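Here is the structure we will look at, set down as structure tokens.
The values are calculated or read from the model by the stated rules, or taken from the named source; none is laboratory data. All figures in this text were calculated on a predicted structure; none of them were measured in a lab. Because the Cβ atoms are built from the backbone with ideal geometry, glycine has one as well, and the counts that use them run over all protein chains shown.
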Amino acid sequence: MPAQHNTPMPMTPDMLADRWHCSAETVRNLVKSGDLRGFRVGRMIRIPWDAVEEYECQGSQSDDCAAGSASTGQTRTPESGGAISLRHARERRPKRKAATDT
């Protein structure tokens, strides 16, 4: 029988965006900027659960974060003593194609 592990599968940007109530592009930008630890599998981005918990606990001094307990997946409220601060990415505009003389 193969050994089982309790580590949950890494999250996709879409899954994390649903959890944090933001866009998947915001999550991708956090990974790209290095604010959120993630890795690539080909062209796909994956975010390990421990990286999600680390990011959610940044700036929070709650007992849950200090003890390193697993996240419950519930949305944080001001009463819980923690908040997730996300910023929107700038709107991208298509690049102009170089004019060619024929």
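For the stretch 55-76, check the following and say yes or no: at least one residue is touching a helix residue (DSSP H, G or I) at 6+ places or on another chain (Cβ under 6 Å) and at pLDDT 70 or above.
Within the stretch 55-76 (the criterion being touching a helix residue (DSSP H, G or I) at 6+ places or on another chain (Cβ under 6 Å) and at pLDDT 70 or above), the answer is yes, since at least one residue qualifies.
Looking at (1) at pLDDT 60 or above; (2) buried (at least 16 other Cβ atoms within 10 Å of the Cβ); (3) assigned to a loop (DSSP other than H, G, I, E, B), which is the one condition that is false for Thr7?
Going through the list (1) at pLDDT 60 or above; (2) buried (at least 16 other Cβ atoms within 10 Å of the Cβ); (3) assigned to a loop (DSSP other than H, G, I, E, B), Thr7 breaks only (2).
Taking the condition of being touching a Phe, Trp or Tyr at 6+ places or on another chain (Cβ under 9 Å) and surrounded by fewer than 18 Cβ atoms within 10 Å (Cβ to Cβ), how many residues in the stretch 28-54 meet it?
The total comes to 4.
Suppose we filter the stretch 10-29 for residues that are in a helix (DSSP H, G or I), touching a residue at least 40 places away in the same chain (Cβ under 8 Å) and hydrophobic (A, V, I, L, M, F, W, C); how many remain?
Count: 1.
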